[in-house]
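Below: one structure, written as structure tokens.
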Amino acid sequence: MESISVFDIIKIGIGPSSSHTMGPWKAAAMFLSFLDKKVLDIEKLNVKLFGSLAKTGRGHGTGVAILLGFSGEDYTKIDPLTIGEKVDKIVSEKIIYIQGKHKIDFDSETDLLFLNKETLQYHPNGMRFEVVLKNGETISKEYFSVGGGFVVSDMELTNQVLHQTKYPCHSGQDIIDNCKRLNLEIPELVLLNEQAWRTEKEIRAQVNMIWEEIKGCVFRGTKRKGVLPGGLNVRRRAYDMNKKLLGGKSSANFEDWITAIKNGRQDFNTVNKWISTFAIAVNEENAALGRIVTAPTNGASGVIPAVMMYAYCFLDVFDEDNILDFILIAGEIGTLYKKKATISAAMGGCQAEIGVSSSMAAGALAYVLGGNTKQILQAAEIAMEHHLGMTCDPIGGLVQIPCIERNSMGAIKAITAANIAVEDITDTSKITLDDVIASMWETAQDMNGKYKETSEGGLAKIPVNIPNC
């Protein structure tokens, strides 16, 4: 089994979906890299989307992502406010500049197809790219967006190269055994293993970058009002929630805003409202194609920021020195789900997104609260236990209803799970994290396909007037 870096689980991305936006965007760039010098000989480009990508791709911005990916744009660097203009230009002029320089004709109506009734064998999130070169040669390749921004090609399915860390942790029991054998706490073990990819200095720099992006995203989300794109006419709520909690006061920068929060009321009801505000702010940014931190997916990107901001604002034991430990623990727990189950809603429903993010956040928070290795993993188990069976049924294929509110609920469950776990000093638990991951995967396999990000079942069947979704 391959080792996975925590920075493949928690990373800077762009909304609204890791599997339907970031994955296809990345796949387009991978295809161009595969073509190498032949890119300049492209005469015709054809894109076909299958399964869940086809059924909910319009609402998730899959077509937008692919156009920008082939245009050579980088989703970690592009200004989100320019996306609409760039895509409108491609669609209206029926011309795309491959990698930003090679001009070809491209009609999004005929050259970008959403094949709702067809699914590729390996994964519901399948896509096929085909180019015709000037000499008449046709090159075709399939890619699969398997959740959390991870992408595999048809070639990689048969020629996999596995990477291993020094002390592999492919299960919760592996973490317990390695910590005991090496006399390390979980973040120390993860930091050691992460050096298979990066130096310690680079690891700390990456964590700092993620934390800065989390702070920026939450703050931006509370400063913006209006209606989210997509046709559902969902009104942003974080702006009004924030304004009401602060008594109408505004803050010019993040530091002033945090000071105002810390100096405000801290009763249970107020703190609870702030947790929801943090989560909703992030997911409203995500829904508006904003810059977010994927953790482990875009649809669940508000849970970990909300829990971290809760700890940052309301817990005396948490400060910026805890950020590294929090990210390392949360990311490591996420890798267990990726390896033993799934983090793709198209494969496992929303338990694979909100459930996993809540589990990640619960384990990390348990460490902050003083939990030992077993209590940390138990917190992660408790959080997932109460998300088992959660369906993914986005209305109109948009990451808005019920996705935005679910992040708030996932954050609250994470905090509750952490508190329960650290109070259990007698180790009376009967179910392990490994048990619940196995159960989650079994549930995912048994779940009816219409509840797996297809907008064909559950809440998505409720009649709602959504123009052109």
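The values are calculated or read from the model by the stated rules, or taken from the named source; none is laboratory data. Treat the numbers as computed from the prediction; the structure is a model and nothing was measured. With ideal geometry, Cβ positions are generated from the backbone for all residues, glycine too; neighbour counts draw on all protein chains shown.
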Considering only residues that are outside any loop (DSSP other than H, G, I, E, B) and closer than 28 Å to residue 395 by Cβ, which ones fall in the range 287-309?
287, 291, 292, 293, 294, 303, 304, 305, 306, 307, 309
Could you please find all residues in the range 92-107 being touching a residue at least 24 places away in the same chain (Cβ under 8 Å) and not in a strand (DSSP E or B)?
99, 100, 101, 106
Tell me yes or no: at least one residue of the range 249-258 is in a helix (DSSP H, G or I) and touching a residue at least 60 places away in the same chain (Cβ under 8 Å).
no
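If only one of 404, 420, 376 is within 24 Å of residue 170 (Cβ to Cβ) and at pLDDT 95 or above, which one is it?
Going through 404, 420, 376 in turn, just one is within 24 Å of residue 170 (Cβ to Cβ) and at pLDDT 95 or above: 376.
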Filter pass, residue 220 being basic (Lys, Arg), in contact (Cβ under 8 Å) with a residue 12 or more places away in the chain and either touching a Ser or Thr at 6+ places or on another chain (Cβ under 6 Å) or assigned by TED's automatic domain parsing to the domain that holds residue 363 (or both)
yes
I'm trying to understand the selection: among the residues of the range 108-141, which are more than 25 Å from the chain's Cα centre (by Cα), under 26 Å from residue 18 (Cβ atoms), not polar (S, T, N, Q) and not in a strand (DSSP E or B)?
111, 117, 118
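Output the residue which, of all residues in the range 199-209 that are surrounded by fewer than 19 Cβ atoms within 10 Å (Cβ to Cβ) and in contact (Cβ under 8 Å) with a residue 12 or more places away in the chain, is farthest from residue 305 (Cα to Cα).
Applying the filter and picking the extreme gives 204.
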Count of residues meeting criterion [within 30 Å of residue 272 (Cβ to Cβ), outside any helix (DSSP H, G or I) and touching a residue at least 60 places away in the same chain (Cβ under 8 Å)] in the range 416-469:
4
Those residues that are surrounded by 14 or more Cβ atoms within 10 Å (Cβ to Cβ) and touching a strand residue (DSSP E or B) at 6+ places or on another chain (Cβ under 9 Å), I need them from the range 232-255; list them, please.
234, 236
Total residues in the range 264-310, condition within 18 Å of the chain's Cα centre (by Cα) and free of Cβ contacts under 8 Å to residues at least 40 places away in the same chain
0
Given the structure, is residue 93 more than 19 Å from residue 62 (Cβ to Cβ), assigned by TED's automatic domain parsing to the domain that holds residue 126, surrounded by fewer than 17 Cβ atoms within 10 Å (Cβ to Cβ) and out of contact with any Phe, Trp or Tyr (no Cβ under 8 Å at 6 or more places or on another chain)?
yes
